[in-house]
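The values are calculated or read from the model by the stated rules, or taken from the named source; none is laboratory data. Note that the structure is a prediction, hence the values are computed from the model and not measured. Virtual Cβ from ideal backbone geometry, glycine too; neighbours counted across all protein chains shown.
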Amino acid sequence: MVMGSRVTLGLLLCASLALAGCARKQPPMARPTPPPPETGALEPPRPPPPPAPEEPALAPPTSPEPAVRPDEDLGSRALEDLNRQSPLQPVFFAFDSTELEAEGRAALEANAALLRRYATWVVTVEGHCDERGTAEYNLALGERRAFAAKNYLVSLGIEGKRLNTVSYGKEFPFDPGKTDEAYAKNRRAQFVITAR
């Protein structure tokens, strides 16, 4: 009888251990987040900000006269010198736009002629914006401006592998002023010769 009860007790012990090992553990309960502190009366929802005012139409900034005479040989200049007095003209854009206007296309055509003359130059097209808008929005807009300039140069026969793009958004203004004229100078695609 003792033997039978020991066997039974042993079987019960094994069964209880097996059941305990198979039991699922409950995941820890997440603590509820405390409610926000009372601020008195609830504030009504804020209305959305008004849309940005339309910018008055300004004449685009004039591109500086290229620092290159038609008969000048730029092939022997150091990159620093080339970029300090860049022979490549910047292209300016209207507010919140990536569309190339007539003056911008003319600047790009002059740049393409120079890039054909110096067929080994590699250029980075930088996209820039004025300070209005978020950093993320301006980075995306600067990128689209750089691509617009690059694509136009490619359409003029410049190899795409010679043209890199980068966007600086509003980080490097040409003119730090807070006027419409300053903003117009900052909305641009600028060209940096990175290899020759």
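Listing for the model above:
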| quantity | calculated |
| --- | --- |
| Boolean, GLU159 is surrounded by fewer than 15 Cβ atoms within 10 Å (Cβ to Cβ), farther than 30 Å from ASP73 by Cβ and not hydrophobic (A, V, I, L, M, F, W, C) | no |
| Helices (runs of 4 or more DSSP H) lying entirely in region 57-171 (those with 3 or more residues that are modelled with pLDDT of 95 or more) | 102-117, 135-155 |
| Residues satisfying the stated conditions in region 119-152, i.e. surrounded by 16 or more Cβ atoms within 10 Å (Cβ to Cβ) and more than 21 Å from the chain's Cα centre (by Cα) | TRP121 |
| Tabulated pairs, region 92-107, first within 15 Å of LYS150 (Cβ to Cβ), second at pLDDT 95 or above and in a loop (DSSP other than H, G, I, E, B), C-beta under 6 angstrom, 6+ apart or interchain | PHE93/ARG187; ALA107/GLN89 |
